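Only one structure is covered here, and it is reproduced in the block below.
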Amino acid sequence: MRAVIQRVSSASVSTSGKIIGSIEKGIVILLGIAQGDSEKQSDILSEKCSTLRIFEDENGKLNLSLKDIEGEALVISQFTLYADTSKGRRPSFTEAASYSEAKELYEQFVNALRKENIHTEVGRFGSKMVVSIQNDGPVTIILEV
């Protein structure tokens with residue numbers, strides 16, 4: 001399971017020209033799920049995302065987590081994080097989990113964030129989306145479990 005996390009001042013996701021999710025200060029999580037990923041990995045990654053210290057404290061040090069600042073999360077499914085580009089020019093996505101397997105783990109991940117009292121918005125799983133991100137910093141972190 002992979003996540004690209006971007007610290008944001010605001011972000012939104014739209015589909016068919018309509019905004020379906022938006023947040024203010026917090027993180028955007030682009031979440032990729034591979035074949036064989038588990039519920040345990042989902043729980044570990046969601047906990048790591050909510051407690052990763054990537055927000056500045058009063059001294060300007062990256063010392064605060066999403067939970068510490070009471071920030072928000074926008075979670076976007078991103079099977080392309082498992083693109084294999086080792087052969088040719090067209091990526092292969094055979095490592096990505098199947099639609100049903102990925103959707104279940106995606107929903108578990110989102111629910112785990114919500115159980116931590118993190119306001120969490122989502123995209124539309126499996127749909128074409130436009131994600132608008134105001135990257136703050138910029139701070140971008142890649143996590144894998």
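The values are calculated or read from the model by the stated rules, or taken from the named source; none is laboratory data. On a predicted model such as this, the values are computed, not experimentally measured, just so you know. Using ideal geometry, Cβ is built from the backbone for each residue, glycine included, and neighbour counts are taken over all protein chains shown.
Of all residues in region 43-75, which are of a type outside the set (Val, Ile, Thr), assigned to a helix (DSSP H, G or I) and in contact with a Lys or Arg (Cβ under 7 Å, 6 or more places away or on another chain)?
If the condition is that a residue be of a type outside the set (Val, Ile, Thr), assigned to a helix (DSSP H, G or I) and in contact with a Lys or Arg (Cβ under 7 Å, 6 or more places away or on another chain), then Ser50 is the only one that fits.
Filter region 91-145 for residues that are outside any strand (DSSP E or B), of a type in the set (Ser, Thr, Tyr) and touching an Asp or Glu at 6+ places or on another chain (Cβ under 8 Å) and give the result. Don't jump to the end; show me each part of the working.
Pass one, region 91-145, residues outside any strand (DSSP E or B): 91, 93-95, 97-119, 123-129, 145.
Remaining after also requiring of a type in the set (Ser, Thr, Tyr): 94, 98-100, 106, 127.
Answer for region 91-145, where residues must be outside any strand (DSSP E or B), of a type in the set (Ser, Thr, Tyr) and touching an Asp or Glu at 6+ places or on another chain (Cβ under 8 Å): just Thr94.
What number of residues within region 123-145 satisfy the criterion of being farther than 23 Å from Asp43 by Cα and loosely packed, with under 13 Cβ neighbours inside 10 Å?
Going through region 123-145 one residue at a time, the tally reaches 4.
Among the residues of region 24-41 satisfying the criterion of being surrounded by 21 or more Cβ atoms within 10 Å (Cβ to Cβ) and either of a type in the set (Phe, Trp, Tyr) or more than 15 Å from Ala96 (Cα to Cα) (or both), which is nearest to the chain's Cα centre (by Cα)?
So, considering only residues that are surrounded by 21 or more Cβ atoms within 10 Å (Cβ to Cβ) and either of a type in the set (Phe, Trp, Tyr) or more than 15 Å from Ala96 (Cα to Cα) (or both), the one nearest to the chain's Cα centre (by Cα) is Ile29.
Looking for whichever is within 17 Å of Asp68 (Cα to Cα), at pLDDT 95 or above and assigned to a strand (DSSP E or B) here; the options are Val28, Val4. Which one fits? Give the steps one after another, and end with the answer.
Numbers: Val4 fails: within 17 Å of Asp68 (Cα to Cα).
Answer to the check: Val28.
Can you tell me which of Lys61, Lys115 is exposed (fewer than 13 other Cβ atoms within 10 Å of the Cβ), more than 20 Å from Gln6 (Cα to Cα) and not aliphatic (A, V, I, L, M)?
On the way: Lys61 fails: more than 20 Å from Gln6 (Cα to Cα).
Only one candidate qualifies: Lys115.
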